[in-house]
Each structure stands twice: as C-alpha cells, then as structure tokens.
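What follows is a single structure, written as structure tokens, with notes after it.
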Amino acid sequence: MKKVTHNDAKKYIYALVSMYFGAATVIWGQTKNVFSCPLIVLTEGTVVQHYKPITAMVNAVPVDCYEQKMMVQVDLFTEGKDITGEGMEGANENTAVNDMLEFLAFVNSAKGTAWLGMNNMTVITGAVLNLTGIINETEWEYRAMTELEVTYITSMAGYSATIYDDGVPHFENGMPKYDKEGYSLDEQGNRLELLPLDEDGKPIYPEVEHTPSGGRSQDLADSTAGWFSEVEINKEENNGLE
C-alpha cells in the first residue's frame, strides 16, 4: 500500500481542490500570499493519529501503520454572479453556497472518489455554511465554508520508527535502502548505485537526519529489536524420543 504522509495529504487535498476550482486562486491559510478573486483558502485543522498502530514484520523489520484523520476547512470567497442588466444595476447574486455544494458533488463523484482512492485517501464531506453575513471586509462580497474529514494511512519503519533499523536506512514499507554489498536499492529491491566503502570494504551507510524540529538521533537509528526471520533447528535423539 502506498504510504501517505501528513504533508502528502495536504498536497493531495490542495491538488483536488485546484482540480475543481481551476479558475480560482487556491492557497493554504496562515501563509503570506498574493491572491486574486475568486479565492479558496484551505486551513488545516485537528489531526488525529490512532493511538495503536498495526505492526507488520517486513524483512525482520517492524513497520507501524497508523490511520490518521485531518480536518480541512475550505473557505470560498467570491464576488458572486453579475446580474446587471436584469433590471438591476451594479448587483451581484450570492452564489457562494451553490458553488461550494457543486464542489462537494465533484469530491463525491466517481472521478473524485477514484482520484482519492488512487492516492490511498478518503474524504467525508460536511455541511456548507453561508458566512456572508459575518464578513467585515469590503474586498469580498460573499463567503461560504465547509469542512472535509480526510483519512489516510501512514507508516514508519524500524524499531524506533525512525526509518532506520540497526543503523541501516529503510523505506516506509520496510524495504532496505541498501543491500549488504552497499548498493542502493529502490522500494522494489532493484539495485541502483554503489555506496562508498570503508577500509574493510564495508558500506558506509548515511547517518540519520534530524527532523526540522530536531527530532531523531543516531542512537535511535542504531537501535534494533533483534528480530530474526530464520532459525536453524538441530534434531537430536533423546533416549529414543523425538
């Protein structure tokens, strides 16, 4: 199964919204952007990771799979539909709620569902709120809001869930990034390039990288559970009994 990180989920939701609102500006909120009308603002809400992973052993390496749910608020800002010429001068119709409902119909359509499934995600749509009456700004006339519940599966490999096990880097699916001879591998185990070797001819594996917030350490990367996938059994006679 394809792993989806939290950052991947945000990129996929942005791509899904941009796929539908092709003529609008789509941005993530709480960022510095220059935008124009119409505008779609995405705001990341609460993220809940299931407290207990499903753990599988892949090549004697533990792989923890977590279900994660993220709430995404979608705000639509629009000037509405120009109805000048229908007996009204300089008037715009409020289409924010209708436009948002049609977007949710796209998310739940066969195409939207298939696209989300291709990226191993599901989305539950919610109610649409007309927030036009509480807008204090004069730049926008109409606004509607809805929330999406986004569910995806993420995974981490290694005894310490650092994508390392016994100092060897792994992919999130538990496949090693290098073989014993020092060749780098892809996620299917195909050889790519040879690592530098030390004086004894052993591959020099890359050290763990800290997260941007300073997380992970080499000591954690070097830890291992000591799992084994094969065992040799010697059968000996014991007073004629087996």
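The values are calculated or read from the model by the stated rules, or taken from the named source; none is laboratory data. This structure is a prediction, so every number in the text was calculated from the model and none was measured. Here Cβ is always computed from backbone atoms with ideal geometry, including for glycine, and neighbour counts include all displayed protein chains.
Overview of values
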| quantity | calculated |
| --- | --- |
| Subset of region 178-218 [surrounded by 12 or more Cβ atoms within 10 Å (Cβ to Cβ) and among the small types (Gly, Ala, Ser)] | 182, 184, 217 |
| Where a residue in region 180-202 is among the β-branched types (Val, Ile, Thr) and its partner, wherever it lies, is assigned to a loop (DSSP other than H, G, I, E, B), with Cβ under 7 Å and at least six apart | none |
| Given (1) surrounded by 11 or more Cβ atoms within 10 Å (Cβ to Cβ); (2) under 30 Å from residue 102 (Cα atoms); (3) modelled with pLDDT under 85; (4) among the acidic types (Asp, Glu), number of the condition residue 149 does not satisfy | (3) |
| Of residues in region 26-51 being modelled with pLDDT of 65 or more and assigned to a loop (DSSP other than H, G, I, E, B), the one farthest from residue 144 (Cα to Cα) | 51 |
| Check on residue 204, at pLDDT below 85 and not aromatic (Phe, Trp, Tyr) | no |
| Matching residues, region 182-222, being part of a loop (DSSP other than H, G, I, E, B) and hydroxyl-bearing (Ser, Thr, Tyr) | 205, 211, 213, 217 |
| Residue check for residue 124: surrounded by fewer than 19 Cβ atoms within 10 Å (Cβ to Cβ), at pLDDT 95 or above and under 25 Å from residue 77 (Cβ atoms) | yes |
| Residue in region 136-144 that is surrounded by fewer than 17 Cβ atoms within 10 Å (Cβ to Cβ) and assigned to a strand (DSSP E or B) present | no |
